[in-house]
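Participant: One structure is given below, represented as structure tokens, and several questions about it will come after.
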């Protein structure tokens, strides 16, 4: 049984399972017993489909019944003229100290980890100490792929691309080139969080947005709502190429991220505290907040 919310925002328990089957419904057989009756019944469980939404910017801030909603569609720019990711970071100063906020990460497939670190520091007033073991593979191939990615990026302005290309050009002068960069990690230090933070997530919530959830869930007063996330945290900094003969596109990561307990959740993702259909999660969590506040 999974803890959930009904249409009125009450906490209930619903029957549910995690499955890797490629099917929108799964039949299961139930055996219900009481002192005088035994009942067998077959039911079908239906997949919680990720929320579909059209997006034109990385970030949007609005309110529902005086509750701040932080809708983060991407942790990078959607297009070169989109500066809303900067608003995401700057608004954190205004939102700091609020009693309650809702962070909507449904459909967020990731982006730049630096934006997470900046938001965390502005909102909580302390630097994020990342306890994920991190290393990057820097070779002629990985550097050429990274350089090509940024030269052809359409969602970043020229000055940002130039800065990134300058950083990439410096890798070849590092002592570890060619090879893996030195391992980096720290001990995460939880801080005293007074704000009730409700995070909406679904199966499309991936990569950098999962790292944001990973660190938020270590704090007090944080509740995750929706479905399990995508489970895309093992590798990062993905580059792409096209095989010359078959024209098959391939995607290659050159960074690896491993938790210190070596737990790999690729394909499984981070599990929510409250299991709710993604299309219903915002409405139901607002009703829940109004009930308990």
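Participant: Return the FRET efficiency for the residue pair residue 63, residue 219: r is the Cβ-Cβ distance, R0 is 30 Å, and the value is rounded to the nearest 0.05.
Facilitator: 0.85
Participant: With both partners inside segment 126-259, how many of the DSSP beta bridges are antiparallel, as a percent to the nearest 5?
Facilitator: The antiparallel fraction comes to roughly 75 percent.
Participant: While we're looking at this one, here's another question. Among 139, 227, which comes first, second and so on when ranked by fewest other beta-carbon atoms within 10 Å?
Facilitator: Ordered from fewest to most neighbouring Cβ atoms within 10 Å, 139, 227 come out as 139, 227.
Participant: Sorted from fewest to most neighbouring beta carbons within 10 Å, what does the list 215, 59 look like?
Facilitator: So the residues, fewest neighbours to most, are 215, 59.
Participant: Let me ask something else about it. Determine the shape class of segment 180-293: with a ≥ b ≥ c the square roots of the Cα gyration tensor eigenvalues, call it rounded for a/c under 1.5, and otherwise prolate if a/b is greater than b/c, oblate otherwise.
Facilitator: Oblate is the answer for segment 180-293, as a/c is 1.5 or above yet b/c matches or exceeds a/b.
Participant: Given a Förster distance of 30 Å, report the FRET efficiency between residue 43 and residue 291 from their Cβ-Cβ distance, rounded to the nearest 0.05.
Facilitator: 0.55
Participant: Based on other C-beta atoms within 10 Å, arrange 1, 191 from fewest to most.
Facilitator: Neighbour counts put them in this order, fewest first: 1, 191.
Participant: Ranked from highest to lowest mean number of other Cβ atoms within 10 Å per residue, what is the order of the peptides 142-150, 198-206?
Facilitator: Taking the mean over residues of other Cβ atoms within 10 Å, the ranking is 198-206, 142-150.
Participant: I want the antiparallel fraction of DSSP beta bridges within the chain, as a percent rounded to 5.
Facilitator: Of the beta bridges lying entirely in the chain, close to 70 percent run antiparallel.
Participant: Per DSSP H run of at least 4 residues, take -39500 (n - 2.57); add these up for the chain, divide by its residues and hand me the 222 nm value, nearest 500 deg cm²/dmol.
Facilitator: Theoretical 222 nm ellipticity from helices: -8000 deg cm²/dmol.
Participant: Take the alpha-carbon centre of segment 201-224, take the same for segment 1-59, and report the distance between them in whole Å.
Facilitator: 21
Quick note: the coordinates plus some simple rules give every number you see, no bench work behind them. Since this is a predicted model, take the numbers as computed values, not measurements. Every residue, glycine among them, receives a Cβ derived from its backbone with ideal geometry; neighbour counts consider all protein chains shown.
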